[in-house]
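Everything below concerns the one structure shown next.
The values are calculated or read from the model by the stated rules, or taken from the named source; none is laboratory data. Because the structure is a prediction, the values reported are computed rather than measured. All Cβ positions, glycine included, derive from the backbone under ideal geometry; neighbour counts span all protein chains shown. In case anyone asks, the SASA skips ligands and DNA or RNA and just uses the protein heavy atoms, side chains included. Shrake-Rupley method; radii C 1.70, N 1.55, O 1.52, S 1.80 Å.
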Amino acid sequence: MGGPILTRYTIFNTKGIRLRLAVAADLHDEAGEAALALLRQAKPELILLPGDTLEHIVPPANLPWADIEQRYRQARFPAAERRLRPRMDALRRRRRPAPQKRHGLDFLRQAAQIAPTYLSLGNHEFYIQPQDLLELAEAGGIMLDNRAVTVYTRDGAAVRLGGLSTCPDRDWLADFAAAPEYRLLLCHRPEYYEQLVQPTGIELTVSGHAHGGQIRLFGHGVYAPGQGLLPKYTKGVYDGGRLVVSAGLHSTAGLPRWGNPTEVVLVDLVPDGLA
């Protein structure tokens, strides 16, 4: 399969927000030069990285390897899909976490030179340590892990931008949802949307994690981590424009992607009634 494509969506809003967002999900610490070229071409005002920018971050030296493997299995195979593990293991390549390549930090550093870059954490970044956070900040990324900031459009309109951790904090999410500004949420796992996010009224959530369903048939993904077979949320715009799911830039499954190009997603937020 070739390099990533640029997928464009226009989403209308009732709060007068005009803003161009780029979403680059699931880099998994692979080289991202082609994606960076698309970002430069698209000229976004914000770049959003909703998780798994790194394949994993080097764990602390005093963590026993058995604990590392157990945590890794739990992160890759949440409870909802464990019943599928025996048959999926035959299709996945079995492996231990690879050493960090640091492509993710390089990608983040170059993305931050294109536009302000915000990231949330994914399930493959569960090893994160204070030193890792420092390196991410030095690379130019602004970490939103159960945390929010206010950003402003060129027109001066306020946007409350937050990141829901892959281990979600419901109290934080409730506080974020109560903000009066337009609310834009990074949430790595789209399967969290219906249960946690949709009831809050948050205007827009961007996600990754599903890898487009890995194999796409007739416009639908076949399998996604956290959702299992025939997943609902894999790629595209859902719920009238309240959820955007990126097919991501890479994946960790042993199966090749088929009918499912990697992508950078470009979202134009436009006030209702305007083109």
Just to confirm my numbers, what's the Cα centroid distance between segment 1-59 and segment 131-197 in Å? 15
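Give me the percent of DSSP beta bridges within segment 111-251 that run antiparallel, rounded to the nearest 5.
Details: 13 of 28 bridges.
About 45 percent, rounded to the nearest 5.
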Using modelled amide H (1.01 Å from N, peptide plane; none on Pro or chain starts), what sits under 5 Å from the amide H of TRP258, excluding residues fewer than 5 places away? ILE215, ARG216
Residue by residue, what Karplus-based ³J(HN,Hα) values in Hz, rounded to whole numbers, does segment 217-234 have, using 6.51, -1.76 and 1.60 with θ = phi - 60° and x for Gly and Pro? 10, 6, x, 10, x, 8, 8, 9, x, x, 10, x, 6, 6, x, 7, 10, 10
How much accessible area per residue does segment 143-205 have, counting only protein heavy atoms and a probe of 1.4 Å, in square angstrom? 42
Pull up all non-local amide H partners of ARG147: gap of 5 or more, or a different chain, and H-to-H distance under 5 Å with H placed in the peptide plane. GLY163
Taking only the alpha-carbon positions of segment 169-226 and ignoring solvent, what does the Debye formula give for the base-10 log of I(q)/I(0) at q = 0.17, 0.23 Å⁻¹? -0.61, -0.89
What residues qualify as long-range amide H neighbours of THR205, i.e. H under 5 Å apart, gap of 5 or more or another chain, H built at 1.01 Å from N? LEU185, LEU243, VAL244
Karplus-derived HN-Hα couplings along segment 150-161 (A = 6.51, B = -1.76, C = 1.60, θ = phi - 60°), whole Hz, x at Gly and Pro: 9, 10, 10, 6, 4, 7, x, 7, 8, 10, 8, 10
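Provide the FRET efficiency to the nearest 0.05 for the THR14-ALA112 pair, computing r from the beta carbons and using R0 = 45 Å. Write out the running numbers ahead of the final one.
Working: r = 31 Å, r/R0 = 0.69.
The value I calculate is 0.90.
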Hz values of 3J(HN,Hα) by residue in segment 34-48 - Karplus curve (6.51, -1.76, 1.60), Gly and Pro given as x: 5, 5, 5, 4, 5, 5, 5, 5, 6, 6, x, 8, 9, 10, 10
For LYS15, the aspartates and glutamates lying under 20 Å Cα to Cα, once residues fewer than eight places off in the same chain are dropped, come out as GLU45, ASP155, ASP175, GLU181, GLU203, ASP239, ASP268, ASP272
